[in-house]
Amino acid sequence: MKTIILAALLVLPSLGFAAEVEKTLKGVSMPVSLQFEGKKLELNGLGLRTKVVFKVYVAGLYLEKLSKSGEEIAASEQLKRVELSFLRKVDGADVAKAIADGFTNNAGAALPALKDRIAKFEKLIPDVKKGDRLLFVYRPGAAAGVELQYNGASLGKIEGKDFGDALLRVWLGPKPSDKDLQDGLLGLK
């Protein structure tokens, strides 16, 4: 009996039943799950940000609890991680402007209370080149807020659950700058 089970385990991967360990889009690979700060996070989805005809970055959204609802994800109180892997050189000011426009388009009535923190956040975003990674980590709880990391180094933190919710809505809200990217992050593509 043990021989049959062992043989089946050896044959299944060759039949395409192997567990997927990473997803790849435009040459960028991200693990389907990872341990982060003592929690297991799952890749909710992977998407491509394009601007006109230019491929700008591949983004991955990691969550403790997977969902296909952008509003549910943004409002949820869980550890959330958005990773951007750049496919080209981009000025930090351009990245910051695109994100700020996303806040304007999706924050609604919360926008006035976020203005100063958005301005602070914009100043944290560096120039990036091909292969660089920006990581946005939302941590829930009493010290809720978003930490920005660049290639593994912390650049700073913006306080508040309201800021974290609004940042996720930049990509997942009702007026995303890139609908295909949103669909990818929501696992709909």
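Things worth noting here:
- Top-ranked residue in region 39-48 [being within 24 Å of Arg139 (Cβ to Cβ) and in contact (Cβ under 8 Å) with a residue 60 or more places away in the chain; ranked as surrounded by the fewest Cβ atoms within 10 Å (Cβ to Cβ)]: Asn44
- Boolean, Arg133 is touching a Leu at 6+ places or on another chain (Cβ under 9 Å), charged (D, E, K, R) and modelled with pLDDT of 95 or more: yes
- Any strands (runs of 3 or more DSSP E) falling wholly within region 44-140 and containing at least 3 residues that are basic (Lys, Arg) and more than 16 Å from Gly184 (Cβ to Cβ): none
- Sole residue being surrounded by fewer than 21 Cβ atoms within 10 Å (Cβ to Cβ), touching a residue at least 40 places away in the same chain (Cβ under 8 Å) and either farther than 23 Å from Pro174 by Cβ or polar (S, T, N, Q) (or both), chosen from Leu79, Leu66: Leu79
- Residues (within 13 Å of Val82 (Cα to Cα) and either among the aliphatic types (A, V, I, L, M) or without any contact (Cβ under 8 Å) to a residue 40 or more places away in the chain (or both)) located in region 167-184: Leu167, Leu168, Val170, Leu172, Leu181
- A single entry from Gly102, Gly131 fulfils the requirement of being more than 21 Å from Pro176 (Cα to Cα) and within 18 Å of the chain's Cα centre (by Cα): Gly131.
The values are calculated or read from the model by the stated rules, or taken from the named source; none is laboratory data. What you see is a predicted model, and the numbers here were worked out from it, not measured in a lab. Note: ideal-geometry Cβ built from the backbone for every residue, glycine included; neighbour counts use all protein chains shown.
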